[in-house]
1. Of the residues Asn18, Asn67, only one is in a helix (DSSP H, G or I) and polar (S, T, N, Q); which?
2. Step by step: first the residues of the stretch 340-349, then only those that are more than 11 Å from Arg23 (Cβ to Cβ) and buried (at least 19 other Cβ atoms within 10 Å of the Cβ), then the one that is nearest to the chain's Cα centre (by Cα). Which residue is that?
3. What about Lys361, is it out of contact with any Asp or Glu (no Cβ under 7 Å at 6 or more places or on another chain) and under 22 Å from Thr250 (Cα atoms)?
4. With at pLDDT 70 or above, exposed (fewer than 15 other Cβ atoms within 10 Å of the Cβ), basic (Lys, Arg) and over 24 Å from Asp306 (Cβ atoms) as the only criterion, which of Lys175, Lys158 stands out?
5. For the stretch 325-337, how many residues are open to solvent by 30 Å² or more (accessible area, probe 1.4 Å) and touching a residue at least 40 places away in the same chain (Cβ under 8 Å)?
6. Would you say Ile61 is open to solvent by 30 Å² or more (accessible area, probe 1.4 Å), among the β-branched types (Val, Ile, Thr) and either under 21 Å from Leu341 (Cβ atoms) or touching a strand residue (DSSP E or B) at 6+ places or on another chain (Cβ under 9 Å) (or both)?
7. Would you confirm, using the coordinates I've provided, whether Asn46 is under 29 Å from the mean Cα position of the chain (by Cα), at pLDDT below 90 and more than 13 Å from Val345 (Cβ to Cβ)?
8. If I ask for residues that are among the acidic types (Asp, Glu) and at pLDDT below 90, which ones from the stretch 323-350 would you list?
Amino acid sequence: MAGKVKWVTDIEKSVLINNFEKRGWIQVAENEDWNFYWMSVQTIRNVFSVETGYRLSDDQIVNHFPNHYELTRKDLMVKNIKRYRKELEKEGSPLAEKDENGKYIYLDFVPVTFMLPADYNLFVEEFRKNPSSTWIMKPCGKAQGKGIFLINKLSQIKKWSRDSKTSSFIAQSSKEAYVISLYINNPLLIGGKKFDLHCLYLYKLGFCRFCTVKYTPSTSELDNMFVHLTNVAIQKHGDDYNHIHGGKWTVSNLRLYLESTRGKEVTSKLFDEIHWIIVQSLKAVAPVMNNDKHCFECYGYDIIIDDKLKPWLIEVNASPSLTSSTANDRILKYNLINDTLNIAVPNGEIPDCKWNKSPPKEVLGNYEVLYDEEMAQSDGPDRDLRSRPGQSTGVKGNRARDSGKPVLTTWK
């Protein structure tokens, strides 16, 4: 199609703008005709709002789904995953199988979580089963570690309630809603420090974010966020923060470390389980997601790995940070945007929303296809389970991983 793509963004980041300019695309103002708009989550609300929204034409695409928050708001993500599990259970799906303790065998990948204030009584009941446990409180609508704190006594919840100017747990606006999750107090440590895995958007080039202070489960350190929260927005203020590597490792470095300390087989199983979590979380929100043809999404998955090498989904970000904290960070994020644009805007041409949404393998770059829906549907409802890491299926893989092991065809 003739003509240059006209772009707009309200996020002034060099990793974005350099990618647009490299393609020879033309910058225009928001009130002019545009084809591609990389926007913040605040702006997407206006684009799709009933009052101020407008109809997008077939040659316009944006980087968020209208209700992406079904996955990226902490409370809604948990609600949708719980609903998904219950629905599978009702259908008698083998995916929803439980062990003798009543725990899901295949779908236990989110820490026990409650909404506050709504689920306060349920939380108290759970807390009393294990009064020595530690819990983490997070505001539903905030990011970058803002408003997060740890508790290990019910009195601390009551104090929080008083401090937030509510005399009792009455319904408040959603802005004040919190989630409270069982804290993973046995995280895998490297060099004595806690880290999380920021799976960049089903992307091979993710990274790990490390705390700057050595981990301790001691209750005396519950208030020390440099021990517990891996967010760069928190850690960069620590005395021991390293501005050269930014407290980050690449996922490939993590993989090498785990292969050498724990072995290749368990490391491959861990990464397969992370892929499983990503696919199942997306399937959990698929029924409620407004799958608008003008939209694509670049999700950032935050995963904590415990000392038994079990991955836990902590949250999903709709606007993963495009700020570069180091030179390597800048290269990774530039490549991420480059690969994303190659898929979302094929051949750098003016978008056409009617085009076939399955890109050829050669344009995927560092993205991996984790799930082929057509293939899965043609193979029956239990295919997911047969592709589950550790299940003996007898299916041959169609592509080898770095470790030389075959990958089950469901994921590819």
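1. Every option except Asn18 fails the conditions.
2. Checked the stretch 340-349; the qualifying residue nearest to the chain's Cα centre (by Cα) is Thr340.
3. No; evaluated as a whole, the condition is false for this residue.
4. Checking each option against the conditions leaves just Lys158.
5. Kept after step one, since they are open to solvent by 30 Å² or more (accessible area, probe 1.4 Å), are these residues of the stretch 325-337: 325, 327-328, 330-331, 334-335.
Of the ones still in play, those that are also touching a residue at least 40 places away in the same chain (Cβ under 8 Å) are 325, 328, 330, 334-335.
Of the residues in that region, 5 qualify.
6. No, not satisfied.
7. So Asn46 passes the test.
8. Result: Asp329, Glu349.
The values are calculated or read from the model by the stated rules, or taken from the named source; none is laboratory data. None of these values were measured; they are calculated from a predicted model. All Cβ positions, glycine included, derive from the backbone under ideal geometry; neighbour counts span all protein chains shown. Ligands, DNA and RNA are stripped out before the accessible areas are found, and what is left, the full protein with its side chains, is counted by its heavy atoms. Shrake-Rupley method; radii C 1.70, N 1.55, O 1.52, S 1.80 Å.
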